[in-house]
Amino acid sequence: MTSLDPARDRRAADDGDAARWRELYDDAPCGYLTATDDGTLTRVNATFCTWTGHRREALLGTRLQRLLPVGDRILWTTACLPRLRTTGAVAETMVEVVSADGARRAALLSATRRPPGDGEPAELRVVVFAAHERRRHERELVDALRRAREAESQRVQAEQEMRRRALRDDLTGLPNRAALVERLEEDLTGRPREGVGVLLVDLDHFKAVNDSLGHAAGDELLVLVAERLTAAVRGSGLVARLSGDEFVVVDELADDARAAAVAERLIEVLTAPVVLQDLEIVVSASVGVARSVAGEGAERLLHRADVAVHRAKARGRNCVEVHDPDHVDPAAGRLRLLGELRQGIERGELVVHYQPRMDLRGDRLAGVEALVRWQHPERGLLPPAAFIGVAEESGLVRRLGARVLDEALAQTAAWARAGGAPVEIAVNLSARQLADADLVPLVERTLERHGVAPALLTLEVTETALMDDPDAALLTLTALKRLGVTLAVDDFGTGYASFTYLQRFPLDELKIDRSFVAGMEGSRGDAAIVATCVQLARSLGLRSVAEGVETAAQREALVSLDCDMAQGYHYARPLPADELARWAGRR
């Protein structure tokens, strides 16, 4: 019989579709959860409730992280949620879920984020597989993730092509590089005389903002910088975003004095405090200035400004450098430095200094870290920052690292022969060394040559080096661990290592980056990061070490957090071996 009410028929059909959707959602072979941007659960399917024993009514309105033990809760809040907000997806994260009876159940968690739009808030969509279901669904997950990565790659490529073609920066609305070069070429062609100037403004430590507060905060800072620079120029010049955290101001610069004055004004307007995520930070910038010369093109002018800004950063940042057209290109300087460094290694000019590592519980010497210095015949004693970058780029760091390891272990053996207690010694490994197939045999040979017990040697690898190639790093670290040495992740907090990866690596020690320790007294964010790192180390069974401790207040704060060890100028700067022995004797 034909219905006389089509509208009612449509509503009935819609209700039927909704009922079938709910049935499919509830009877799915895995847990499906949806949540708000902060993790508050808004929908939970029956499979998840059956598996965990939780009632649906009890779960709705609570946060997902409350269902996780403390270690996985830290992973979710400090790694997964920020990554979801920046990349839109978190895949293949192994966690434990606390069931209603308090038992912990292993699970594989993956999540995506639907960004806000059309009046709808952002939504997190979380899929939870029981561990025993993982094998059955692993191939499907891998295929889905591969397709998602391919789709994301295609999307990024399309966006990059659109940005390249456009003349405006998407984030700040400023002219982009293409528009900047076009404008400069017009100015230089129309006014071949000297006077067209560019000021390249490069924000200092911008990466620390992204790493500690997230990319959203970094973008907010870039927009604010663009607004301040535009206001400072007041229509007399052009402001463009060159790339990343680099901006360019084009202005009339009659002489170097005028150029320096404009640059100082730009630095001044940028240093007013900025509030990001309830934290007050101070922005600083390095400025490189270049004034045009007759017959010069836009790219050459920008290159000279870039050379100047690198010199400003080398001077200590937050300053101005004006480029001299007759100045030697820094690339030539790097080649010269590389040749001198190679000769310096052969002539034995590289020396090792030792910085104490203190046990915070007993305030006693627990070991030392070996740090390389270059006794340059003309420039004096150079710190690692002056030459390690060149050594890393050229591959010379392998020879340099082998020399440091040999000298450090020789000194350890010498201290033992002098009748002292065995001294634990830490040596840094670079990313290139970690990738070297000869690293493990080299460490084994050097330990045997000097008769040093492997347990006395700690090898430190930066978080960034670990994440360059996690699978290869895992194989190398596992082989080193079989030798009996101690393994530490250095500069923790500055890279992107997840809780899952830290669990995979056979680590013994987590070293908290000095930038967070330095900010503990003035920044709640840095203090919270240090506390989280100490707690994370404890949950993983690792020893926590704070780097760059410079004040008694920092030491007391670390003691209150139950941090295990510390090193820094509060105790002693890196010292030659004989001075370290005298320092230890006075304690």
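Can we say Gly419 is surrounded by fewer than 20 Cβ atoms within 10 Å (Cβ to Cβ) and at positive phi?
When the stated conditions are applied, Gly419 passes them.
Residues in the range 553-587 that are surrounded by fewer than 18 Cβ atoms within 10 Å (Cβ to Cβ) and assigned to a loop (DSSP other than H, G, I, E, B): Asp562, Tyr569, His570, Arg573, Pro576, Arg587. When we screen Arg543, Arg555, Arg504, Arg514 for residues that are over 29 Å from Val95 (Cβ atoms), touching a Leu at 6+ places or on another chain (Cβ under 9 Å), among the charged types (D, E, K, R) and in contact (Cβ under 8 Å) with a residue 24 or more places away in the chain, the only hit is Arg555.
Contact map, the range 49-71: residues that are touching a residue at least 60 places away in the same chain (Cβ under 8 Å) paired with residues that are surrounded by 12 or more Cβ atoms within 10 Å (Cβ to Cβ) and assigned to a helix (DSSP H, G or I), Cβ distance under 9 Å, separation 6+ or inter-chain. Pairs shown: Leu64/Trp76; Val70/Gln535; Val70/Ser539; Gly71/Phe499; Gly71/Gln503; Gly71/Gln535; Gly71/Leu536; Gly71/Ser539. Here the helices (runs of 4 or more DSSP H) wholly within the range 203-321 that include at least 1 residues being farther than 25 Å from Arg514 by Cα and either more than 29 Å from the chain's Cα centre (by Cα) or not aromatic (Phe, Trp, Tyr) (or both) are 215-233, 256-270, 298-314.
Put simply, of Ala148, Ala144, Ala179 the only residue that is assigned by TED's automatic domain parsing to the domain that holds Leu266, modelled with pLDDT of 70 or more and either in a helix (DSSP H, G or I) or touching an Asp or Glu at 6+ places or on another chain (Cβ under 8 Å) (or both) is Ala179. Got at least one residue in the range 376-391 being outside any helix (DSSP H, G or I), aromatic (Phe, Trp, Tyr) and surrounded by 15 or more Cβ atoms within 10 Å (Cβ to Cβ)? Within the range 376-391, one or more residues are outside any helix (DSSP H, G or I), aromatic (Phe, Trp, Tyr) and surrounded by 15 or more Cβ atoms within 10 Å (Cβ to Cβ). Within the range 370-393, is there a residue that is touching a strand residue (DSSP E or B) at 6+ places or on another chain (Cβ under 9 Å) and of a type in the set (D, E, K, R)? There is at least one residue in the range 370-393 that is touching a strand residue (DSSP E or B) at 6+ places or on another chain (Cβ under 9 Å) and of a type in the set (D, E, K, R). Of the residues making up the range 107-124, those that are more than 27 Å from the chain's Cα centre (by Cα) and under 14 Å from Thr42 (Cβ atoms) are Glu120, Pro121.
Assigned to a helix (DSSP H, G or I) and at pLDDT below 90: does that describe Met467? Answer is yes for this residue. Restricting attention to the range 541-552, the residues being crowded, with 16+ Cβ neighbours inside 10 Å and either among the hydrophobic types (A, V, I, L, M, F, W, C) or outside any loop (DSSP other than H, G, I, E, B) (or both) number 6. Can you say whether Leu447 is farther than 18 Å from Leu510 by Cα, modelled with pLDDT of 95 or more and either under 23 Å from the mean Cα position of the chain (by Cα) or assigned to a helix (DSSP H, G or I) (or both), as far as the supplied structure shows? Spelling it out, Leu447 is indeed farther than 18 Å from Leu510 by Cα, modelled with pLDDT of 95 or more and either under 23 Å from the mean Cα position of the chain (by Cα) or assigned to a helix (DSSP H, G or I) (or both). Every condition in (1) within 24 Å of Ala537 (Cβ to Cβ); (2) out of contact with any Pro (no Cβ under 9 Å at 6 or more places or on another chain) is met by His450 except one, and the failing one is (1).
The values are calculated or read from the model by the stated rules, or taken from the named source; none is laboratory data. Only a predicted model underlies this, so the values are computations on that prediction, with no experimental measurement involved. Because the Cβ atoms are built from the backbone with ideal geometry, glycine has one as well, and the counts that use them run over all protein chains shown.
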